[in-house]
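Peer 1: Just dropping this structure here.
Bear in mind that the values in this text are calculations on the coordinates, not laboratory data. Please read these numbers as outputs of a predicted model, since none were measured by experiment. Cβ coordinates were reconstructed from backbone atoms using ideal geometry, including for glycine residues, and neighbour counts include every protein chain displayed.
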Number of protein chains: 2
Amino acid sequence: MVPQNIYDDPDFFAAYSSMARSTQGLDGAPEWPSLAAMLPPLDGQRVVDLGCGFGWFTRWAVARGAASVLGVDVSRRMLERAVLETDDPRITYRRGDVDELELPPAAFDLAFSSLTLHYLTDLDRLVRTIRRALVPGGAFVFSAEHPLYTAPTEPGFIDLAGRPVWALDAYQREGPRTTNWLAPGVVKQHRTLTTYLTTLLRHGFALTAFEEWRPTTAELEQHPDWAVELDRPTFLLVAASVGEDG
Amino acid sequence: MVPQNIYDDPDFFAAYSSMARSTQGLDGAPEWPSLAAMLPPLDGQRVVDLGCGFGWFTRWAVARGAASVLGVDVSRRMLERAVLETDDPRITYRRGDVDELELPPAAFDLAFSSLTLHYLTDLDRLVRTIRRALVPGGAFVFSAEHPLYTAPTEPGFIDLAGRPVWALDAYQREGPRTTNWLAPGVVKQHRTLTTYLTTLLRHGFALTAFEEWRPTTAELEQHPDWAVELDRPTFLLVAASVGEDG
């Protein structure tokens, strides 16, 4: 199938490029500190970044001592900017659809992915690919849109007698969801937490961290609009590892 | 604190006793086959059943070869019926609040709990207690009301232009929820999936199975009213294990 590549849609790209996480990088992503806390020490690590976008994480990783970082993304526009903003021989970029990714066996210590997995149609294939590409003791750390965020057929908060409630339905109905996030007709893939977790377990990963991101009290004071995150999380953060015996 | 013991409330007890899971036992619990599939072979196992109720599981476990089963429940009425219906020297019952449970160290191969944990105020204490009570290689298998079911301040489906949606809010606000399930004023404890999973990991358990229960197509044909389970799961099923090296 033709991979969805909404990030190369000019209107979408323009809108995405103006988001805080595009202009400020990792510091503009509220869930980043929690995700960073799940990472192993990066010194000397060989890293693959699946859905690397503008390359914020690739540059951060080498600044933290990673031996090498391979960034993969399907978007030509994003990779163009990533290459322009990167000047480090330890970083390489490859254009490709993560749904069709091929990686060499036992070549990486860490697989990282930020907010990409909810675009993939074949999570099982990717997790199998990552499992083979990691060395014993390796780790897979990712964020994705939380299944509560992706589930509804018509996502949104509704007012229930003055109280906002998230109109949840179809949680168990996995598959595509067409949303109008930044541009009309963006297709995301809803899957349950059960699918995320059991796919990892089935391929021999051990779960090591799990977080449904929520803002701190200090963050809520600075961003009162984030209060909806207390009603319904947007971000799922997961870390899993391969045993030392492979 | 005084443990909540709604099961000894006469009206609640009468209503609960008429439910399928009370009259038909395990076969009357739709989630039971999925939970049973998470259990290790029971032959020779020493089992503790936390919130044993009428003792359906204790009797099932010895019928499957368990060496011993200790059933614990806070409800006098439930234990009375459990004792009346049990005639097996391998089964013992103890009245007690699972929130204040004490167990001997390394005395059990399996800790089991069906739909009890969402009444507890101190999950951390219980998981620590279970961890110490299990031998190396031991397992903890439980069901609980799914956090999506317990989260809302006013749980229920609402009609949104002909479409039922679950009015979700307060997912991240853990703590008591007063519901009118079977009787007015039943207090349950909402906690997130993050808390369930990270409490297990923090105490050295490895996650081995995770399921948000959903009916099969055949079950939906027989019970069309279970279709709401596709919009919002009611039951969370989890299995975790202690490593062979303890």
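Peer 1: When averaged across all projection directions, what area in nm² does the alpha-carbon convex hull of the range B:4-124 cover? Before the final figure, lay out the partial values.
Peer 2: Working: hull surface 29.7 nm².
Here the figure is 7.4 nm², rounded to one decimal.
Peer 1: Related question: Let me know the mean shielding of B:72-80 by other chains, meaning the per-residue number of their Cβ atoms within 10 Å of its Cβ. Intermediate results must be reported in sequence, preceding the final value.
Peer 2: On the way: counts 0, 0, 0, 0, 0, 0, 0, 0, 0.
Mean shielding count: 0.
Peer 1: Now for a different question. Please list, by residue number, every one of the GluC sites (Glu not before Pro) in the range A:163-246 that is coil in DSSP and has at most 10 other beta-carbon atoms within 10 Å. Spell out each step's value before the answer.
Peer 2: Values: sites: A:E174, A:E211, A:E212, A:E219, A:E221, A:E229, A:E244; in loops: A:E174, A:E244.
When the GluC sites (Glu not before Pro) of the range A:163-246 are filtered for loop state and at most 10 Cβ neighbours within 10 Å, A:E244 remain.
Peer 1: Packing-wise, with mean Cβ within 10 Å as the measure, how do A:100-112, A:150-162 rank, highest first?
Peer 2: Values: A:100-112: 17.4, A:150-162: 15.2.
Result, highest mean Cβ count within 10 Å first: A:100-112, A:150-162.
Peer 1: In peptide A:161-169, how many Cβ atoms from other protein chains are near each Cβ within 10 Å, on average? Don't skip to the answer; put the middle values down first.
Peer 2: Details: counts 1, 0, 6, 2, 11, 8, 8, 11, 10.
The per-residue average across the peptide is 6.
Peer 1: Follow-up question, since we're still on this one. Which semi-axis lengths, in whole Å and largest first, follow from the square roots of five times the eigenvalues of the Cα gyration tensor of the protein assembly as shown? Intermediate results must be reported in sequence, preceding the final value.
Peer 2: Values: eigenvalues 365, 144, 74 Å².
The answer is 43, 27, 19 Å, longest axis first.
Peer 1: Rounded to the nearest 5, what is the percent of antiparallel bridges among the DSSP beta bridges in chain A? Present the calculation step by step, with values, prior to reporting the outcome.
Peer 2: On the way: 22 of 41 bridges.
Approximately 55 percent, going by the DSSP bridge assignments.
Peer 1: Highest GNM mean-square fluctuation, chain A, Cα pairs closer than 10 Å: which of A:R173, A:R232, A:R214?
Peer 2: A:R173
Peer 1: Could you pull the Rg and Dmax for chain A, using just the Cα atoms, both in Å?
Peer 2: 17.7, 58
Peer 1: Averaged over all directions, how much area does the convex hull of the C-alpha atoms of the range B:59-132 cover when projected, in nm²? Before the final figure, lay out the partial values.
Peer 2: Numbers: hull surface 20.5 nm².
Approximately 5.1 nm², given one-decimal rounding.
Peer 1: Also, quick follow-up: Once the label point is placed 7 Å from Cα along Cβ, list for A:T217 the distances to the corresponding points in the other copies, in nm, shortest first.
Peer 2: A:T217 label point versus its equivalents elsewhere: 5.2 nm.
Peer 1: With no solvent and one point per C-alpha, what does the Debye sum give as log10 I(q)/I(0) for the range A:135-220 at q = 0.15, 0.16, 0.17 Å⁻¹?
Peer 2: Rounded to two decimals, the profile gives -0.76, -0.84, -0.91.
Peer 1: Additional query: Out of B:R163, B:R202, B:R177, any idea which swings most in a Gaussian network model of chain B, alpha carbons joined below 10 Å?
Peer 2: Among B:R163, B:R202, B:R177, the largest GNM mean-square fluctuation belongs to B:R163.
Peer 1: Nearest 10 degrees, 0 to 90: what angle lies between the long axis of helix B:193-202 and the longest principal axis of chain B (Cα atoms)?
Peer 2: Tilt of helix B:193-202: around 20 degrees.
Peer 1: A further question follows. Of the candidates B:V165, B:V98, B:V69, which one comes out as most mobile in a Gaussian network treatment of chain B with C-alpha springs shorter than 10 Å?
Peer 2: B:V165
Peer 1: Now a separate question. What does the helix-only formula give at 222 nm for chain A: each DSSP H stretch with n ≥ 4 adding -39500 (n - 2.57), the total divided by the residues, and the result rounded to the nearest 500 deg cm²/dmol? Walk me through the intermediate numbers first.
Peer 2: Details: 10 runs with 69 residues, N = 246.
Counting only the DSSP helices, I get -7000 deg cm²/dmol.
Peer 1: A further question follows. Using Cα centres only, tell me the gap between the range B:192-240 and the range B:59-126 in whole Å.
Peer 2: A separation of 22 Å, based on Cα centres.
Peer 1: Okay, moving on. Label position 7 Å from Cα toward Cβ: report the copy-to-copy distances for A:E100 in nm, one decimal, ordered from shortest.
Peer 2: 6.5
Peer 1: Turning to a different aspect of this structure: For the range B:172-183, what does the Karplus curve 6.51 cos²θ - 1.76 cosθ + 1.60, with θ = phi - 60°, yield as ³J(HN,Hα) per residue in whole Hz, taken in order and with x for Gly and Pro?
Peer 2: 8, 9, 6, x, x, 10, 9, 10, 10, 6, 6, 8
Peer 1: From other protein chains only, count the Cβ atoms within 10 Å of every residue's Cβ in A:213-220, then give the mean. All intermediate terms of the calculation are to be shown ahead of the outcome.
Peer 2: Numbers: counts 2, 5, 1, 0, 0, 0, 0, 0.
Partner Cβ neighbours, averaged per residue: 1.
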